[in-house]
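The structure appears right after this line, and notes come after that.
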Amino acid sequence: SRTELLCLVFTEWITLVQKIEVDHYIVKAFIKQLVDTHVIDTHEKFVEFFEASISLSVDAFKESDPTSDVFVSIDALAKFFVQLLIYLDFTEESRKDFSSLVLTTFVLNMTNDHKENGKDFNERPYFRFLSILLCEWEKLSCHNFIRVKDQTCRCELIEFDKDFYSIFASFMRVYQPLAFPCFAFAWVTLLSHRMVLPVLLRMKEEGGWEKLNLLFIDLFRFIDSYSRVGDVPDSISVLYKGLLRVFLGVANDVPEYFVENHYTLLNNLPASYLQLKNIILSAFPKKLQFPNPYSADIDMDVLEICKKVPQVAYDPVQDLGTLKKPVDSYLRIPSSSLMRTINSNVNALKDLKKEHGVGFDEIAVNVKLINAIVLHIGIEAATEALNTTKNAIFNKNSSYFTLLLGLISNGSPSAKYHIIEAIVCQLRYPNAQTHFFNFVICTMFFTDSLWDGNGAEVQELILRCLLEKLFVFKPHPWGVVVTFTDLLKNKDTMELPFIKQSSEIQSVFKSL
Amino acid sequence: YGLQSLLEEFSKLQKKLPKHENENSTDNTITEQQQQSNNRDNTMITGVDLTPYIQSLNLDPASKLPFHHVLETLPSPWIETSRSDVEPRHFIPESFTKITNVLGSPVSPPVFNQVSNVEQNKISLFQDETLFYLFYKHPASAVQELTYIELRKRNWRYHKQLKVWLTKDPFMDPVVSQDGLSERGRYVFFDPQRWEKVQKDFILYYNAIM
Amino acid sequence: KLSEEMKQELESSLLNCPDSLDSEVSKLNEFQLSQPHPTSIFFPSEP
């Protein structure tokens, strides 16, 4: 049959690449013959050839003796794809489209295999194809594709390199764990692959961070959708531990990624993943020197680095939607009507949303909108503080402060909590935003007159949001530790009714 | 959203029996919801001590290692599946693949079949491991022949079945068998997989070595 | 509720989780160390 013929041709290829380096001229001759003899000269024929080859490779994997090299065929197929990107004629069609065609065919095969085999589906050969594809591409692309003799082709490949990773990352979203749970562990291994994660982290300007955000969020959603139910399956908790270790790698290698994407990531991180949240919030730019947060006499007003406005990769103002105008108008000239407009939007959540938080299971406010408003205020205040006198901004009559005050005062308990939680999540490494929100928290906590006698409720919420981040294993965000210390240093804090009435709470605070 | 609920949630997560709402309740069964939260994987909420993770990534501050990236050589997200190192991204500079006039013809990349007499005496200066490297790295080439000769000069012999090199342990004379076809003694083998010399007692059949 | 099928799929994925050897570069055309070496015609096979 035609499939058998195609398998014969592919077997020839396997034999060939076992004998010679892929940059040998025979490879070019082999591929040229495939095109000239109409084996892969049209899309349909190429797809047919690729499908025959991948089926043969997966079957070969399944039937091989596990101690032998079970990946000979699949490796050869990945090499074949990379060589096609060099030697095929791309005047009619772009490498981008061709790569999408190949990866689409690949995913369709994986889907069919999964459909046929269900839980007997084996992710390894599919993982291996993608891993070798990455390794081969990496090898080829070294030093600007120096191995490619044809200079025109070499320039095209240099141009295409960024697209290659962008397409690869996009396709990872196609077979993400929510769609392919049977490929979940391979997917996490691929996401953290040494030829993927460092590359996307380095491709900040070329959209690598956006792609990475989407991939991490895909994983958050998957883990969260299966850790909400009562008993978390072991497989999910193993997946989570893998993500935790990858996060530590990112925090070590490129902390700037967390520093600049904390808003996007936290907007999609399940509320109860406190340690993951802390890893993101504890990140700080490399080489930044700052005082130990546990040393008692920290005063952000005198820290030079607290004048520096942190980078934010995604401006939250984009999430304000129709509220952008009222919020910015209020920051310019505060008015109670604007306050009412903003408040009604924040509290207007049509239906309750299930959310497994710590101590609560549903949400009655638009948390993403709250996060956007709070960070937007922080960005504006920190930036404004550079242009005017600090006291104009760090002042309980400044519009930045009164907007937050109004949101909390008029908000439902749920709104109060989520607004204060959003503020506490901005208490990160020493920078102008941390400084502003430290001022906000301390002022709100110690100025009883702001609350018409309801100060205790707000004080308890503030302590709860801070404690939540300190109650889990380290790391603890620098700004949270310093702010919590500021509150505890005040001798009246321990006299607050909600602390005194509970021996358990009292003992916790005493120990802290 | 208050402190009480936070502490209760954490005390549940720490696997203590949750405090009942009304202290005097005698009912010992944990409610369905409490059971559910008890089964939850608590580490997702309370976190875990990250020390083993940090150490497994070679990031332990106590190790005084200079700052280094980990993601470029991360074998796998899990410690359990990181059974071996993985070849990182790397590039062999042109200057290293076009070594001419040293063990190679002036034509690059080096073809190890024309060997000028320069190599002959150079070979005798190499240490054993270098000779083994050249022997294994350039199979079916003249360099392999040269290293073969040099290794034999140093009393190494190639074992045809085991496909490894061996030499006598200089501190122990082997005992020749009655039939004179073999000897029992202590030998040093060069293991190409682990790239090290390994000492072993062994019965050597003379017809098994080249 | 986590469906039984989903749980099984996840467990099978965990079971087949690729490890670092799966992520290694391809050794397809690297001459194996145990490649048969040329026998030298002129080496005597003395004891």
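Since every read-out is calculated from the coordinates, none of them should be taken as a lab result. These numbers come from a predicted model, not from an experiment. Positions of Cβ are backbone-derived with ideal geometry, glycine not excepted, and every protein chain shown enters the neighbour counts.
Peptide B:64-72 has a mean of 5 when you count, residue by residue, the C-beta atoms of other protein chains within 10 Å of its C-beta. Take each residue of peptide B:161-173, count the partner chain Cβ atoms within 10 Å of its Cβ, and average: the result is 1. Taken along the Cα-to-beta-carbon direction at a fixed 7 Å, the label points for A:Thr37 and A:Trp451 span 8.2 nm. Every helix of 4 or more DSSP H residues in the protein assembly as shown counts as -39500 (n - 2.57), and over all residues that averages to -17000 deg cm²/dmol at 222 nm. Here the peptides B:84-90, A:216-222 are ranked by packing, the mean other Cβ count within 10 Å, and the order with the highest first is A:216-222, B:84-90. Here the peptides A:194-206, B:194-206 are ranked by packing, the mean other Cβ count within 10 Å, and the order with the highest first is A:194-206, B:194-206. Residues whose amide H falls under 5 Å from that of A:Arg428, counting only those 5 or more places apart or on a different chain, are A:Thr434, A:Gly479, with hydrogens built in the peptide plane. By how many degrees, between 0 and 90 and to the nearest 10, does the Cα long axis of helix A:43-63 differ from the longest principal axis of chain A? That works out to roughly 80 degrees.
Within the protein assembly as shown, the proportion of C-alpha pairs whose separation exceeds 39 Å stands at 51%. In degrees between 0 and 90, to the nearest 10, how far off the longest principal axis of chain A does helix A:234-253 point, with axes built from Cα atoms? The angle comes out at about 80 degrees.
The simple Förster model, with R0 at 56 Å and r as the Cβ-Cβ distance, assigns B:Lys197 and A:Gln289 a FRET efficiency of 0.70.
For B:Asp85 and B:Lys163, the FRET efficiency from 1/(1 + (r/R0)^6), where r spans their Cβ atoms and R0 equals 22 Å, is about 0.30. Sorting the segments A:16-24, A:54-62 by their residues' average number of neighbouring beta-carbon atoms within 10 angstrom, most packed first, yields A:54-62, A:16-24.
Shielding value for B:130-139 is 2, the average number of Cβ atoms from other chains within 10 Å of each residue's Cβ.
Between A:Leu101 and A:Lys500, the simple label model (points 7 Å from Cα in the Cβ direction) yields a spacing of 7.9 nm. Against chain A, whose longest principal axis comes from its Cα atoms, helix A:208-227 is set at around 80 degrees.
Take the alpha carbon atoms of region A:423-470, find their center, do the same for region A:343-414, and report the distance between the two centers in whole angstrom. Using only Cα atoms to place each centre, the spacing works out to 12 Å.
Once both labels are positioned 7 Å from their Cα atoms along Cα-to-Cβ, the gap between B:Phe171 and B:Arg186 label points is 0.6 nm.
Centre-to-centre, using Cα atoms only, region B:142-168 and region A:1-38 are separated by 38 Å. Straight-distance candidates among the aspartates and glutamates for linking to A:Lys19, with alpha-carbon spacing under 17 Å and chain neighbours fewer than 8 residues away dropped: A:Asp69, A:Asp75, A:Glu136, C:Glu30.
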